[in-house]
Amino acid sequence: MKKGLLESLRSYSESDFYPFHMPGHKRKMEKDGFGEICRYDITEIDGFDNLHNPQSILKEAEERAAELYCSEETYYLINGSTSGILSAVSAVAGRARGLIIARNCHRAVYHAAFLNHMELHYVYPEIINEYDIAGSVSAEDLECVIKGILNKAGAESQRAGELIAGAVITSPTYDGISSDIRKIANLLHEYGIPLIVDQAHGAHFGMHPAYPENAVKQGADYVIHSVHKTLPAPTQTALLHRNGALTDSEVLKKYLRIYQSSSPSYVLMAGIDEAVRIAKEEGCQRLEHLLRLRADFVKKIKKCRCIRICPLTEPGKLIVSVKGTSMEGNSMTGQMLYDILRNQYHLQMEMASANYVTAILSMMDEEEGMNRLADALIQIDKGIIEKKEQDKVSDFVLRPVRSLHLWEAYLAPFTEIELDQADGKTAAEFINLYPPGIPILVPGEMFDEGMIKMIQLYLKDGYTVQGIFEHRVRVVESP
């Protein structure tokens, strides 16, 4: 059996080769505590291939990943899923100007549309009101959008591929909700439209029957997986899978060369290869263990009176809801719960939203961590009471009106004004919570009273809202 990338790097680091090449640390950082990483940090030297034209060791590593996910071709991403999204959208952009996207797509999808001057058509996910989270996207809603585009253009259904370059769906969402990708893919393919699935949070899908199938097997044309999100891989690592006759390998590789560094990190690539190995050899067993940990956790916190766990997510996500509760006379928010867990119990959650916190579970989680979280939530719940009135606004309910195309507004001259004076003005900057990086308002869309109120609530509750500058926002200057 051939060596994997990590084992090859280990062997090279133990050899007597002297590095008269980049990087500048020359693998000599032992005394600075960075030595173990630097031992494996090399450039494209003989025997270690080239990511942008893989022929040997990296080609074999990408083939191992393709085999795991049953993909025709798989590409390593060392600039994160963002580079995969940019490359996939750019690869279809030459087909047509229109792009259908789920409104809760990551900001990188909007950036790709901006760079390619694409006209966005939104499909909105359902709203799960009980937990104030975005649900799935339906094939029926997608077809309504397609028919609307065709009707506006006075075109027949067979011309859909000439008007719509592709569709982008996020599944699972940041909150762990999956859409019926197989049904969506079949629908789009009937119209000759390729499907791009941002499955960044689903790199573990398809490895255990209790988890959803991965989008490659469900018929998606391009699929992006962030291996660092749910597999044991370093931050910034991801995979891009290409499949089907509606895709073009050479065009995709052209954009990968544009959006990826010409000096890829071998440490990151070795991390991907090792994560793929662990997932292949141990993934099912580890995910089975995680299922048992999660089941025990849910059973423990059933004694909570107010705190609830959303039962609708895939097993790798925990949505811990405090909706409709208060503490010490004040409405309880996700940010308050997040802060308490971090400051008092040293439990770092993934993110906070208006009414809940999100915890990411992976095949590397252990019983000790799950027990600590359960004990903390039980204790916190004792100080919470239910309340009847609701004062939170779901950002997925709002559907802003567009006055300019994204690329027009993002490049237009702008001025900064007070947020409370922005009603009727056109946004010149993205506004979003981070995480998760889903835009609340996109350049070219107009502020209204509901949007302003929602942003003010987020700021009041202590959330990080990007695109707000000391309670001022950037709006397109009036001609």
Accessible surface, 1.4 Å probe, highest first, among residues E367, E386: E386, E367
Can you compute the modelled spin-label distance between K26 and D461, with each label point 7 Å from Cα toward Cβ, in nm? 5.5
Under 5 Å, built H, 5+ apart or other chain: amide partners of G135: E126, I127, I128
Run the numbers for E449 and E368: contour at 0.36 nm per residue of separation, minus the present Cα-Cα distance, in nm. 24.5 nm
Applied in sequence order to segment 39-49, the curve 6.51 cos²θ - 1.76 cosθ + 1.60 (Karplus, θ = phi - 60°) yields integer Hz couplings, x standing for Gly and Pro, of 4, 9, 8, 10, 10, 7, 8, 3, x, 10, 6
Can you list residues from other chains, or at least 5 along the same chain, whose modelled amide H is less than 5 Å from the amide H of E119? G98, L99
Sorted by mean Cβ packing within 10 Å, highest first, what order do the peptides 185-196, 252-263 take? 185-196, 252-263
Of 109-119, 75-85, ordering from highest average Cβ density within 10 Å down gives 75-85, 109-119
When ligands, DNA and RNA are left out and all protein chains stay put, how many square angstrom of accessible area per residue does segment 170-251 have with a 1.4 Å probe? 28
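What FRET efficiency do you get for E143 and E14 if R0 is 60 Å and r is their Cβ-Cβ distance, rounded to the nearest 0.05?
It comes out at approximately 0.55.
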D16: accessible area at probe 1.4 Å, nearest 10 Å²? 140
³J(HN,Hα) computed for each position of segment 217-224 - Karplus, 6.51 cos²θ - 1.76 cosθ + 1.60, integer Hz, glycine/proline x: 5, 8, x, 5, 7, 10, 10, 10
Charge sum, other residues only, whose C-beta stays under 12 Å from T74's C-beta, Lys/Arg counted +1 and Asp/Glu -1: -4
Given (1) 35; (2) 54; (3) 40 as possible values of percent of Cα pairs over 34 Å apart, the one from the coordinates is (3)
Can you figure out the FRET efficiency of R97 with E130, using R₀ = 41 Å and their beta-carbon distance, to the nearest 0.05? 0.60
Give the long-range amide H neighbours of K425: residues separated by 5 or more places, or on another chain, with amide H under 5 Å away, using H modelled in the peptide plane at 1.01 Å from N. F447
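Among H52, H241, H346, what's the order by accessible area (1.4 angstrom probe), most exposed first? Can you show the working numbers first?
Details: H52 45, H241 0, H346 140 Å².
Descending accessible area places them as H346, H52, H241.
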At the level of C-alpha centres, the distance separating segment 249-279 and segment 410-476, in angstrom, is 35
Note on the chain: contact order normalised by length, alpha-carbon pairs under 8 Å, 6 or more apart, percent, works out to 14
Linear extension gain, K302 paired with Y345, 0.36 nm per residue minus alpha-carbon span: 13.5 nm
Ordered by residue, what ³J(HN,Hα) values in Hz, to whole numbers, does segment 448-464 give under the Karplus form 6.51 cos²θ - 1.76 cosθ + 1.60, where θ = phi - 60° and Gly and Pro are x? 9, 4, x, 5, 5, 4, 4, 4, 4, 5, 4, 5, 4, 7, x, 7, 7
Heavy atoms only, 1.4 Å probe, whole protein assembly: order E62, E274 by accessible area, highest first. E274, E62
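The values are calculated or read from the model by the stated rules, or taken from the named source; none is laboratory data. Predicted, not measured: the structure shown is a model, and the values here were computed from it. All Cβ positions, glycine included, derive from the backbone under ideal geometry; neighbour counts span all protein chains shown. Please note that ligands, DNA and RNA were not included when accessible areas were found on the heavy atoms of the full protein model with its side chains. Shrake-Rupley method; radii C 1.70, N 1.55, O 1.52, S 1.80 Å.
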